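Take a look at the structure below.
The values are calculated or read from the model by the stated rules, or taken from the named source; none is laboratory data. This is a predicted model, so every value here is computed, not measured. So basically every Cβ, Gly included, is an ideal-geometry build from the backbone, and we count neighbours across all protein chains shown.
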Amino acid sequence: MTLGYVELCARRLVGFALVLLVLSLMTFVLARVVPGDPARMALGPSATPEQVAALQVEMGFDKPLPEQYLLYLGNAVKGDFGKSLVTGRPVTEEIMSFLPATLELVIVTICIIICVAIPLGVITARYRNSWIDSLGRVFSLTGVTMPSFLFAILLQMLAATYFPQWPILGRVDHTLGFQASITGFMTLDALLCLRFDVFFSAVQHLVFPAIALSMSGIGQITRITRSAMIEHQRRDHTLTLRSFGVPQRVITFRYLLKLSSIAPITILGLEFAALIGNAFVVEMVFSWGGFASYGLEAILQKDLNAVMAVVMVAGIFFIVANLVIDIILALLDPRLRFKEAK
């Protein structure tokens, strides 16, 4: 069994390394074919040709493209993505300053999705074709079809109308004068510093952005969980358990839920990775200032080094999420592990 896990992880790591290599090559090529001189964009229109040429040499743009790519790849492996063409700061430092905000928001979002979507999917499957099922399907369909930014705007309007004291912008009340300087997670740093006033403020600021960001995932996971539960309810093993008089509660939560969790877990892992880069609309609506909005600003300002770094970091999250999903699914369903070992 241990060898099966090791072989599974080894195969996945080799495949993921190749994916990262291809991703780095694609981002490098796309960055080089974009119209405009990065050195000229960094220095501005008033820079002299000599200054532009000097910066091109400093950035390595005077070298042949294969040599530029190898230099970029070697630095990227060490975590060095160069300097921002806009701010002049190291891109890695900027990403590390923005990434915790998005991670904190996405982790809370995933927790909301799990706590709402899984029970809702189980309940709608249990009471199939009833009014409960109809309400659940309408709710999940609304979550899937409506964009996150619309939920964000509706929540802001709701707060302005009924909860005027509820914060809707930023990560924490600026009057508290607190900076997340330990882990970057506002809530965790507040607890580590025993600043409970900051903690409660950070939780309040998290509620509406996390709810807006979670609606799409809640809709998807609810529908997938419901479909999987209904499918397994028709299987012979479920009918056998019922014929032996096993209570429906035990069948649902001990057997059916585990068997039906493979598809929802897969979607949850991909949802987590996707939200890292796709949360920019909600972040901008709530002035969150995270990694996703940083990536959008880099694209709008044509900050090529920052754009390449954002794409690579997002790709790493997808790869890590896929690896974790594979391991969890192998634990839940040994057939997947044995299939990989063949």
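Taking the range 317-332 as the range and being closer than 12 Å to VAL19 by Cβ and surrounded by 16 or more Cβ atoms within 10 Å (Cβ to Cβ) as the test, the residues that pass are PHE318, ILE319, ASN322, LEU323. Applying the criterion of at least 3 residues that are buried (at least 20 other Cβ atoms within 10 Å of the Cβ) to the helices (runs of 4 or more DSSP H) found wholly in the range 198-295 leaves 262-278, 280-285. Evaluate the following for VAL86: is it touching a helix residue (DSSP H, G or I) at 6+ places or on another chain (Cβ under 8 Å) and either surrounded by fewer than 16 Cβ atoms within 10 Å (Cβ to Cβ) or of a type in the set (Val, Ile, Thr) (or both)? Yes. Beta carbons closer than 7 Å, at least 6 apart along the sequence or on distinct chains, pair a first residue in the range 324-339 that is at pLDDT 65 or above with a second that is not in a helix (DSSP H, G or I) for LEU332/SER261. Cβ-Cβ contacts under 7 Å between residues 6 or more apart (or on different chains), taken from a first residue in the range 194-223 that is in the same structural domain as ILE265 (by TED's automatic domain parsing) and closer than 19 Å to THR175 by Cα to a second residue that is surrounded by fewer than 24 Cβ atoms within 10 Å (Cβ to Cβ) and aromatic (Phe, Trp, Tyr), are listed as ARG195/PHE178; VAL198/PHE178; GLN204/TRP166.
Screening the candidates ALA152, ALA117, ALA125, ALA76 for the property of being within 30 Å of PHE28 (Cα to Cα) and buried (at least 19 other Cβ atoms within 10 Å of the Cβ) yields one hit, ALA76.
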